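Below: the structure, in structure tokens.
The values are calculated or read from the model by the stated rules, or taken from the named source; none is laboratory data. Small disclaimer: the values here were computed from a predicted structure and weren't measured. Quick reminder, even Gly has a Cβ in these numbers, built from the backbone with ideal geometry, and neighbours come from all protein chains shown. To get the accessible areas, we keep the full protein, side chains included, count just its heavy atoms, and leave off ligands, DNA and RNA. Shrake-Rupley method; radii C 1.70, N 1.55, O 1.52, S 1.80 Å.
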Amino acid sequence: MKLTSIAIRKPVATLALMLLASVLGIIGYLRLPVDFLPEVTYPMVRVHIYWPGATPQEINDNIADPVEQVLATVDKLDYLESSSIEGQYTLRVNFEYGTDIDVAYQDVVAKMGLATRRMPPDVDPPVMFKADPSQLPITQLIIMSGSRDLIDLRTWVENILQDQFLAIPGVAGTEILGGLKREVRIYLNPDRAAAYDLTVAQVINRLRDENIERSAGRVTEGSREFILRTTSEYQNLNEIRNLVVSSAGRPRIRLSDLATVEDTHEDERVITRFNGGPAIKLNILKQADANTVEVADDVGRLIERLKETAPADIHIDMVENQADYIKDSIAGVTNAAIGAIILVVLVIFIFLGHWRQVLVMLIALPITILMNFFLMQVSGFSLNIFSLGGLVVAMGVVLDNSIVVIENITRRTHDIKKDELNNAGDTSQISSAATGQVAMAVVAATMTFLALFLPFLLVSGLTTLLFRELILTIAGIVIISLLV
């Protein structure tokens, strides 16, 4: 082969290329993101529509029917899946695999604009987002307190704690579950309201009109200009109780005259407990392109700092960390790969019987793997159980190619008498000729191996999404092994 002859004639250039490949591979390895699974984007868009107080039947008749009739006309739609519960409608718009999810999302947004016109006016605006497995929580935290009630604890988590985690690079958001949200409730006495000739709507409008904060324009005084704002939001319960509900043609009627105002909480619909005690769960979500292990480690370091600076009565613990599963899985695959390399080297030494031949393997294999790391980084892959699995599978082919070439060189060398090996040039010619003899066989064996895996890329569906990195990793490392 010409490539072999050039490599033998120019050893310095060959060495330089191998060193370059090794450096690029190390750089690619250090920059590879680490995750449990490959990046998978399901062709699905979720739609949530809230209608407070509506029954499932009302939601089905007034929301589900018009929405599903419109979205049924979206291009490349596979099927619709919906559910209607009290006050909430959920729709999953599933597209055919291979559909561009960004285009599909824009189509759904456009169609929902048409469906919104046919829905009741008091329905909340639809909430739409693309289904993204990367938005699953990477860590789950439990916050407990020995002295605070769940209202104060949740308020502290919402206003102080979650902001600490949002500042971590790679964190996309947080999700709070459990606890009690503070709520001011007004219990209107219907008999008193009727006595003062007031309706519920009038009371609500007065509460809304007095609880405002907005721009009030500008005031110019000489060369100075002042920007004015009204600051009329309620600051405490007494301000709400002393609200004048009506004063037209009669003494002032305050809200306390016809209602009871209480500082309480929303109805408890989600209960979170840890070791039998009440708690609040805080989920940490990462950005799609962030390194799961790095983000989780940063979260863990922040928790250790918070344990020293947070109020003494608050306890913060991490109950689930996705990085632990990733590290354990990758460590398992790595250990398997190292064990395979050791066993293969021993087998090679037993059958070929010379340390120099084993040394060739120990040089060829790492260079091939490192160069493959560079290709993975350029292709946007990550270190996960599938890509590492593909690397282990392809390792056998890498060694097979080298064994075939080395064994043929060894055989030809033994066939020639020692006195005929007058100089290094003869050895180089033997190596070149021996490689040329088996070159087509090695290429054919490699292409046959690729033919077993590459057709899986043509299979549509979740199979291709999951195994794409495994198959392409195998293809890349096998092709690199031919060059090495």
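Values computed for the structure shown
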quantity	calculated
Accessible area per residue, Å², the chain with all protein chains present, probe 1.4 Å	57
Under 28 Å from the Cα of Lys10 - lysines, other chains or at least 8 residues apart	Lys2, Lys417, Lys418
Residues of segment 38-64 with amide N under 18 Å of a point placed 7 Å along Cα→Cβ from Arg185	53
Sequence of Met318, Met440, Met144 when ordered by accessible area, the most exposed leading, probe 1.4 angstrom	Met440, Met318, Met144
Electrostatic dipole magnitude of the chain [Cβ: Lys, Arg +1; Asp, Glu -1; Cα centre; debye, to 20]	1400
Angle between the chain longest axis and helix 292-309 axis [Cα atoms, degrees, rounded to 10]	50
Apportionment of accessible area to carbon and sulfur, the chain, percent (1.4 Å)	57
For segment 140-148, 3J(HN,Hα) per residue [Karplus equation, 6.51 cos²θ - 1.76 cosθ + 1.60, θ = phi - 60°, Hz, x = Gly/Pro]	10, 10, 10, 10, 10, 9, x, 10, 8
Calculated log₁₀ intensity ratio I(q)/I(0) where the Debye formula runs over C-alpha points of segment 275-326, q = 0.22 Å⁻¹	-0.94
Added length on full extension, which subtracts the Cα-Cα distance from 0.36 nm per residue, Thr464 to Leu343	40.4 nm
Gained length - Thr90 relative to Leu362, 0.36 nm times residue gap less alpha-carbon distance	92.3 nm
Vicinal HN-Hα couplings computed from phi for segment 172-185 (Karplus, 6.51 cos²θ - 1.76 cosθ + 1.60; Hz; Gly/Pro x)	8, x, 10, 9, 9, 10, x, x, 10, 7, 5, 8, 8, 10
Theoretical gain in end-to-end length, Ile6 to Asp267 [0.36 nm per residue, Cα-Cα removed]	86.1 nm
Semi-axis lengths (Å, descending) of the ellipsoid that matches the C-alpha gyration tensor of the chain	69, 27, 21
Lysines with Cα under 26 Å of Lys307, excluding same-chain neighbours fewer than 8 positions away	Lys181, Lys281, Lys286, Lys327
Cα-based helix-to-principal-axis angle, 424-453 vs the chain, degrees rounded to 10	40
Scattering curve values for segment 1-138, log₁₀ I(q)/I(0), Debye with Cα scatterers, q = 0.09, 0.14, 0.15, 0.19 Å⁻¹	-0.47, -0.73, -0.79, -1.06
Label point at Leu177 placed 7 Å out along Cα→Cβ; residues across segment 151-166 whose backbone nitrogen lies under 20 Å	151, 153-159, 161-163, 165-166
Burial order of peptide ranges 181-191, 220-230, 15-25, 462-472 (average beta-carbon count within 10 Å, highest first)	462-472, 15-25, 181-191, 220-230
Euclidean distance of C-alpha centroids, segment 210-272 and segment 37-103, integer Å	39
